[in-house]
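See structure below.
The values are calculated or read from the model by the stated rules, or taken from the named source; none is laboratory data. The structure displayed is predicted, hence computed values, not measured ones. Please note: Cβ atoms are built from the backbone with ideal geometry, for glycine as well, and neighbour counts cover all protein chains shown.
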Amino acid sequence: MARSEDSSSIPSDSVNPSASRISWREPLLIVAVCLTLYLMGNARTGLWDRDEPRNAVAVHEMRARGDWLFPTFNGEPRHHKPILNYWLMGLATAVVGETPAGARLHSALAGTGTCLLVWLLGRRMLGARGGLLAALMLAVSPIMVVESKLATTDATLMLWLVGCWFSLWELSRRESGRIAATFWVLLSLAMLTKGPVGPAFLLLSGALAWWWGWPARTVWRRLHPRRGLLAFVLLSAPWYLMMLLGTKGEFLRVAVNQQLVQRVSTGMEQHGAPPGFYLALSVIVFFPWSCLAPMAVLGAWRRRKQDPTLAFLLGWVIGPLILLECVQTKLIHYYLPSYAAFALLAAWLVVSVVREEVALRRWTLGRLGQGMLGGIGLAAGVGLTASAVMAPASLRAPLIACGLTVGLGTLGGMLWLHRGETEKGTLGLVAVMWTLMIAAVGWLIPAAEPLRVSRVVGERLAALEAETGLEPLLLDYQEPGVIYSLRKPVALARDRESLMARLGEKEAMLTAIAPKDARAFSERLGVTFTPIEDVAGFNVAKGGDFKLQLAIIRKAPESKPEASTALETVGEQPLVK
């Protein structure tokens, strides 16, 4: 006879990890699943995200100068992120080469390492079955795949923080000087990767877990805080101190005022969002496991007082969420480290349902979860397939393939779940998501590469410079991808005075401008454009074609501009309007 829902708890073999023998097939499977997704297509696609080329250019310039302490972008100081990510990218590109694949390698390895940590932690918390399910769920989730393929800091930060949470959970069970030392080293690495956000996540999640019954005071004592904090300062503070002294305080102004204060108080780069942003978007980026989250969180909440492990996981999920909701600048990858806890809770739910021999829909909110799974899966399938109608020809086949995979695959997984075959249905959904992500990263995204304008603009400007001898100058189109493709610092027009000074020195320069803006720029800035060629692409956000004109820009003879130029800053690059 199946036990009632309220009697479920952490499996007994989680108390004694040695009770479950470790098979090397499981970690090998996890590594194969991760590396297949996180490496596939990286060499065939340029750097897409704005931060990707910014980081890659900084590494290129640091290598060219032989200076690995003070990052720059386009020849100017870049104080927006700490140093460790640049060091890791520099090491990877030294081995693989200064290519998109090399720039992204550290993220792929960090994502794989995170999934292995979740597997190990899951085995200790949930037993062998739960550890494998949690790792596979996390590995194939869309947000994990994307962030493990980007040349940014987020996958690396997640690795260090998951290691910290792993250490804290182990210390709640036993005292170990080695584990305590590991925690402080990992916390130092997190501080050198993305500043104080890592310690803030851990502090708030630990406080909530303690409130709900997790032995945080015991863990704090076992961390040997005096020695640990001293080690943390000795490991993480020297580089910050060198930056503070070497930049005469400029690093502190940018890092604290712009990157911290402004992100907390304003929606930087138009990334503001209403409350509930992270929960709403998580439904999509953590699909299909987000459909299990409501019943998993509710079930864990009801048992948090009886089971400290569930209190710990809830603190890990809710603590960072509260902190991020208080920050005005909202981006979904800020919440990335907590998806590991979501995967562990989802695996706990599946293990509990299987052990009780009941159907998933018998749990509270189970019908809601299955309804979300079917609704979102079918909507995604129909949406991807329908989008092929308006997409460029090269994207139609992969869009249809992705749509059919997620739509039909979700229906198959739902059928197993409805029959009460919960574990088989979960593994089926893992296979569906792995297939979908393979189609996306190995076919769809590479097929879109010719439509990406910034890379083409940069490459064509470099070729035209070699052909004409004229240097490039960027006006309002100052995408970091252009600078990355040029492989050298490029002149930027920050205002009318700097533009006139540049043209006074060079007389003529190469630039890229939207054809519809050329006349307005000529009248307002007192310049002329001589068109050379057009570069066309596809604007994903607006769902239409996008065109830029490569041209030679000169001062207009006896120019009398109608109005002075206003300066507007968007992100890190000021644009002439």
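So the values come out like this:
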| read-out | value |
| --- | --- |
| PRO531 being more than 18 Å from PRO53 (Cβ to Cβ) and either touching a Phe, Trp or Tyr at 6+ places or on another chain (Cβ under 7 Å) or outside the structural domain of MET40 (by TED's automatic domain parsing) (or both) | yes |
| Selected residue (only one of LEU415, LEU429, LEU436, LEU408 is closer than 30 Å to SER352 by Cβ, at pLDDT below 95 and in a helix (DSSP H, G or I)) | LEU415 |
| Options ARG487, ARG460, ARG502, ARG452; residue that is among the charged types (D, E, K, R) and in contact with a Phe, Trp or Tyr (Cβ under 9 Å, 6 or more places away or on another chain) | ARG452 |
| Number of positions in segment 507-531 that are at pLDDT 90 or above and exposed (fewer than 15 other Cβ atoms within 10 Å of the Cβ) | 2 |
| First in segment 293-317 and closer than 14 Å to ALA216 by Cα, second anywhere and assigned to a helix (DSSP H, G or I) and among the acidic types (Asp, Glu), Cβ under 9 Å, 6 or more apart | none |
| LEU321 aliphatic (A, V, I, L, M) and closer than 21 Å to PRO215 by Cβ | no |
| Identity of the residue in segment 51-85, of a type in the set (D, E, K, R) and in a loop (DSSP other than H, G, I, E, B), that ends up farthest from THR156 (Cα to Cα) | ASP67 |
